[in-house]
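First comes the structure, then the notes that go with it.
Since every read-out is calculated from the coordinates, none of them should be taken as a lab result. Note that this is a predicted model, so its numbers are computed, not measured. Don't worry about glycine lacking a Cβ; one is built from the backbone with ideal geometry, like all the others, and counts go over all protein chains shown.
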Amino acid sequence: MNAHDHAADHGPAHGGAAHGTLKSYLTGFVLSVILTAIPFWLVMTGAIDNRQATAIVVMVFAAVQIVVHMVFFLHMNTASEGGWSMLALIFTLILVVIVLTGSLWVMYHLNANMMPGLHDMREMP
Amino acid sequence: MLSRTITADTEPVFHLEEEHAHAEGSSTMLGFWLYLMSDCLIFAMLFAAYGVLGGNYAAGPAPKDLFDLDLVAVNTAMLLFSSITYGFAMLTMDKGRVAATQAWLAVTGLFGLAFLSIELYEFAHMIHEGATPQRSAFLSSFFTLVGTHGLHVTFGTVWLVTLMVQVARFGLIEANRRRLMCLSMFWHFLDVVWIGVFTFVYLMGMLR
């Protein structure tokens with residue numbers, strides 16, 4: 001194998017954002033419409049009496065829809081770019097989880113514990 | 001690949017691992033993906049700020065007083081439609097059909113503009129009602145988060161128009177295909193962020 005052949009191996013056709021097909025785009029679109037419509041319907045009509053339960057269901061739908069977008073629109077898979085894009089995604093997700101849970105957790109407790117009496121508890125997040 | 005047989009009597013030769021030639025633009029997609037991941041972290045910070053401050057109304061308007069879910073649903077539909085039309089643009093690009101690609105890109109751009117118009121209308125309406133960014137911590141973080149997303153869509157639209165001019169001038173050459181693929185990732189990524197926005201800001205805000 002000479003250098004030229006080797007370079008060709010790294011061409012755009014090999015990895016990167018794999019091209020979708022009409023079918024994959026339409027599947028992603030239909031799934032997204034369903035996964036968007038249901039949470040909106042749940043919140044707008046208040047179909048579930050319990051607010052907390054509604055919130056959890058809505059969040060689950062969002063998580064599933066994000067995966068759908070990643071797979072069908074962004075064509076994420078473990079093979080693209082030799083796995084590097086998946087590795088970057090996982091690393092980013094870990095950071096995002098740390099940032100979000102860390103901030104919410106710490107700040108909630110600061111709000112709740114540090115200044116008793118100054119806050120109206122009903123306004124707590 | 002580089003090693004050659006060394007005759008025994010010569011001094012040892014060290015073969016440095018040669019940086020093999022990369023095809024032009026072969027690493028662009030991965031590099032752009034890494035940029036998107038860093039952008040994702042920016043949004044994570046803004047989501048965290050909103051999550052922390054989103055309940056601090058300072059006796060001002062709460063999400064229920066401000067948000068119009070019908071409008072948000074229309075907005076979400078606009079962004080979703082723009083995602084699928086961009087997908088169609090990519091499919092026609094694969095087939096090398098310049099006119100069809102341009103048409104789908106134009107439709108995508110129009111959906112993007114519709115999204116921005118509705119969002120600006122919403123912002124204007126809120127500010128008119130006195131719900132300005134400086135009213136409360138909730139509104140500061142709301143405008144920062146949703147505004148940053150809107151700014152991304154704005155720049156995406158500018159980029160889209162730029163690429164339409166490029167394609168009109170030079171056709172679907174390799175460089176233009178690569179650029180369109182980058183914008184594709186950017187555009188779909190913005191739709192992913194919007195899922196987070198409409199879920200955490202609008203839907204959860206109405207549930208508060």
* Structure fact -> For B:CYS182, B:CYS40, ascending order of other Cβ atoms within 10 Å (fewest first) is B:CYS40, B:CYS182
* Asked: Taking Cα pairs under 8 Å and at least six residues apart, what relative contact order does chain B come out at, in percent?
  -> 31 percent
* To do: Would you compute, from DSSP H runs of 4+ residues alone, the mean residue ellipticity of chain B at 222 nm, taking -39500 (n - 2.57) per run and dividing by the full residue count, rounded to the nearest 500?
  => -24500 deg cm²/dmol
* Asked: Which helices, taking whole DSSP H runs in chain B, have alpha carbons extending 30 angstrom or more along the helix axis plus mean Kyte-Doolittle at least 1.6?
  -> B:28-53
* B:ARG179, A:ARG51, B:ARG169 arranged by Cβ crowding within 10 Å, fewest neighbours leading -> B:ARG169, A:ARG51, B:ARG179
* What is region A:16-114 by shape, rounded, prolate or oblate, if you read a ≥ b ≥ c off the alpha carbon gyration tensor as root eigenvalues and call it rounded for a/c under 1.5, prolate for a/b larger than b/c, and oblate otherwise? -> oblate
* Inter-label distance for B:LEU16 and A:VAL97, nm, one decimal - labels placed 7 Å from Cα along Cα-to-Cβ -> 4.2 nm
* Give me a single rounded figure for B:202-208: the average over its residues of other chain Cβ atoms within 10 Å of their Cβ. => 6
* Asked: If you build a Gaussian network model of chain B, linking Cα atoms that sit under 10 Å apart, which residue out of B:GLU174, B:GLU122, B:GLU11 swings the most?
  -> B:GLU11
* Structure fact -> For the pair B:LEU113 and B:THR148, the simple spin-label estimate (label points 7 Å beyond Cα toward Cβ) gives in nm 2.8 nm
* Taking a spot 7 Å from the Cα of A:ALA53 along the direction of its beta carbon, which residues of region B:183-208 have an amide N less than 20 Å from it? -> B:203-208
* Considering Cα pairs under 8 angstrom that are at least six residues apart, work out the relative contact order of region A:16-114 and quote it in whole percent. => 33 percent
